[in-house]
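Computed from the coordinates by the stated procedures, all read-outs in this text should not be read as laboratory data. Since this is a predicted model, take the numbers as computed values, not measurements. No Cβ is skipped: glycine too gets one built from the backbone with ideal geometry, and neighbour counts run over all protein chains shown.
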Amino acid sequence: MEKKSNTLTTAFGIPVADDLNSMTAGERGPVLIQDIHLIEKLAHFDRERIPERVVHAKGAGAYGYFEVTTDVTRYTQAKFLSKIGKRTEVFVRFSTVGGEKGSADAARDPRGFAVKFYTEEGNYDLVGNNTPVFFIRDPLKFPDFIHTQKRNPRTNLPDPDMFWDFLSLTPESIHQVTILFSDRGTPASYRHMNGFSSHTFKWYNEKGEYFWVQYHFKTDQGIKNLTREESKRLCGEDPDHATRDLFEAIERGDHPSWTLEMQILTPEKAKDFRWDIFDITKVWPHGEVPPIKIGKLVLNRNSLNYFAEVEQAAFCPGNVVPGIAVSPDKMLQARVFSYHDTHLHRLGPNYHLIPVNAPKHAPETSYQRDGFMRVDANGEGGPNYWPNSFGGPAPDAKAGEPAFELSGQAGRYPFKHPNDDFVQAGTLYRQVMTEKDRTNLVGNIVSHLEKAKKRIQMRQAAIFFKADADYGKRVAAGLKLDVKEVERLAQMSQEERAAATVQGTSPD
Ligand code: NDP
């Protein structure tokens, strides 16, 4: 029988006669296993969920374009950046970080800001956040850090002791903690926040000259944040408010946009730079490296199916196109491995064939073959090895990053200058924030940190004190701590402070 165009079928295209009544042995008898449609439908349903992302599980995404507005060809040979006015299609996914897939969009958390550029030289993924810095700078700490921001292994509840114990024993987190607990930690929507590469990347040009760069997507909608009270209300009343806001804005033609500003540093200037440019807990002060506007990112099209396009979207910071390369930032080096590895687990070895992830303007011509869900022609009868003399795809020596020098003794090195960790947080508190920002910041911290044990409160208050005495005193006062004791802890080394506040040595 020829199928009518709108006839319901099984997964294999066979017309289905009845989708309301299971096949039974007689009117009141048991269900027959030969009801192939029922069995197939249930078996597929049982497998509908794929592993949730360990981080960035709750997200929203949309398509759009990136347009170049400034000539940057002296810095990079990337073709998608080669001409003013040039447009490249993009897919962007925003997310919260710590919450599960059903968690509230308004939670205090950094926001993911991941951009996939479908360039003519393959897909370029810039996988950033809405903050210019991060909590830690060594990837060995990442799984521990995330554990502390999630649920207690015994109670399965978020645990303020775990949360603050780790942060107060990891003082390099103070800069990001200060941003997270300002009202920027609860953006009003995904449209009203900035996006940052956070890491330093390398750009190189056709002459082989290279530059260190940082990306800043500045929102054209203006920064808008929620207060703690507004965020609490939205968590209850509309846990999907940011997902809804993005989708509805795009549907009504109110297309959000961001201006891409770059900070670009020559290798010569980088040598004497005041800050370690591969330390993701630091920014490059704008006064020293003024940002240059280079392009515009616009989102103008919603996906047609959330699971197919947003849930299965997969980004990897290692997907860089010629003209762009990674830097020695240790966190970035680990992310280059970890994102791809995660997607192999979450989506399978052929996740690059899923349409949202597939290169649109530079078809894959690799020798990778087979594996679960290899759903294209799999290289057909062409050679599956290199070198070959059958006309298979050949490497292009011009595509690689120019060679660069490395030297040194292999080892495990801590970052130098631990006292630097407090400087930029102090500047943010004193010079960038308004009095209202500071009041909200202290209130946001106190309302969270007050749920942790006293000794952990003391240790964390000392960290705030080290960033700025007024900051530390106000947090200490809000928590009703002995300010003199906090000040005393602030004067200790990190090791002494940890020893003075370990379980059993001071009141809990
Ligand atoms: P500038 O005065 O030139 O820049 C301050 C930056 O801070 C602006 O980009 C502003 O972003 C941003 N900002 C304002 N309020 C907050 C907040 N509550 N949380 C986070 N960022 C905020 O100063 P410098 O470049 O000399 O940097 C001073 C401090 O500003 C840094 O120590 C850092 O904490 C913070 N900062 C610096 C950035 C950089 O790349 N240099 C980027 C972001 C923050 P906007 O324009 O969107 O309002």
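A few comments on the model shown:
- Built amide H within the under 5 Å cut-off of E52, gap 5+: none
- Relative contact order computed over the stretch 1-48 (Cα-Cα under 8 Å; 6+ residues apart), in percent: 24
- Under Karplus coefficients 6.51, -1.76 and 1.60, residue-wise ³J(HN,Hα) of the stretch 49-57 in Hz, glycine/proline x: 8, 9, x, 6, 4, 5, 10, 6, 6
- Low-density loop cleavage sites - trypsin sites (Lys or Arg not before Pro) in the stretch 85-130, where at most 13 other Cβ are within 10 Å (DSSP): K101
- Scaled radius of gyration (Cα, divided by 2.2 N^0.38 Å) that the stretch 89-151 gives: 1.32
- For the stretch 1-48: rounded, prolate or oblate by the Cα gyration tensor [a/c cutoff 1.5]: oblate
- Relative contact order computed over the chain (Cα-Cα under 8 Å; 6+ residues apart), in percent: 16
- Max-minus-min Cα coordinates of the stretch 245-291 on each principal axis give 50, 19, 16 Å, with the largest extent listed first.
- Once the Cα gyration tensor of the stretch 430-484 is diagonalised, semi-axes √(5λ) in Å: 18, 12, 8
- When each of M23, M331, M193, M373 is scored by the number of other beta-carbon atoms lying within 10 Å, the sequence from fewest to most is M373, M23, M331, M193.
- The Cα-based radius of gyration of the stretch 338-493, divided by its Kirkwood radius, gives an Rg/Rh of 1.27.
- Applying the Karplus relation 6.51 cos²θ - 1.76 cosθ + 1.60 with θ = phi - 60° to the stretch 272-281 yields 3J(HN,Hα) values of 9, 5, 4, 10, 6, 6, 9, 9, 6, 8 Hz, where x marks Gly and Pro.
- Kirkwood-based shape ratio for the chain, expressed as Rg/Rh from alpha carbons: 1.02
- Alpha-carbon centroid distance for the pair the stretch 98-168 / the stretch 194-271, whole angstrom: 16
- Nearest 10 degrees, 0 to 90: helix 241-251 Cα axis against the chain principal axis: 50
- DSSP bridge analysis restricted to the chain gives an antiparallel fraction near 95%, rounded to the nearest 5.
- Cα pair distances exceeding 19 angstrom across the stretch 223-340, given as percent: 70
- Set of lysines with alpha-carbon distance to K232 below 22 Å, sequence-local pairs under 8 removed: K58, K101, K150, K224, K436, K451
- Proximal lysines to K86, defined as alpha-carbon separation beneath 20 angstrom and excluding residues fewer than eight positions away on the same chain: K116, K218, K293, K296, K360
- P(r) weight above 15 Å for the stretch 352-404, C-alpha pairs, percent: 59
- Relative contact order, percent, the stretch 145-282 [alpha-carbon distance under 8 Å, six or more residues apart]: 25
- With respect to the chain, whose longest principal axis is taken over its alpha-carbon atoms, helix 36-46 is tilted by about 10°.
- Theoretical ellipticity at 222 nm over the chain - DSSP helices of four or more residues, -39500 (n - 2.57) apiece, nearest 500: -8000 deg cm²/dmol
- Helix axis angle, 435-449 relative to the chain longest principal axis, alpha carbon, degrees: 70
- Put in order of Cβ neighbour count within 10 Å, fewest first, the listed residues L441, L265 become L265, L441.
- Largest-first ellipsoid semi-axes for the stretch 1-137, taking √(5λ) over the Cα gyration tensor eigenvalues, angstrom: 48, 24, 11
- Taken one residue at a time, the phi angles of the stretch 171-186 give Karplus couplings (6.51, -1.76, 1.60, θ = phi - 60°) of x, 5, 6, 4, 5, 5, 4, 5, 5, 4, 8, 7, 5, 5, x, 9 Hz. Gly and Pro are set to x.
- Legend: calculated FRET efficiency, E405 to D161, from the Cβ-Cβ distance at R0 = 60 Å, rounded to 0.05, equals 0.85.
- Only one residue of A462, A107, N357 has its Cα farthest out toward the positive end of the dipole of the chain, where Lys and Arg carry +1 and Asp and Glu -1 on Cβ, and that residue is A462.
- Net charge dipole, the stretch 264-307: roughly 300 debye, given to the nearest 20, about the Cα centre with Cβ charges of +1 for Lys and Arg and -1 for Asp and Glu.
- Fully extended contour minus Cα-Cα distance, from W386 to I223, at 0.36 nm per residue: 53.6 nm
- The separation of the stretch 306-329 from the stretch 455-477, counted between C-alpha centres, amounts to 38 Å.
- Its Cα gyration tensor gives the stretch 54-203 an equivalent ellipsoid, and the semi-axes of that ellipsoid, as √(5λ) in whole Å with the largest first, are 33, 17, 13.
- In the stretch 403-444, the trypsin sites (Lys or Arg not before Pro) that fall in loop regions by DSSP, at most 11 other Cβ within 10 Å: R412, K416
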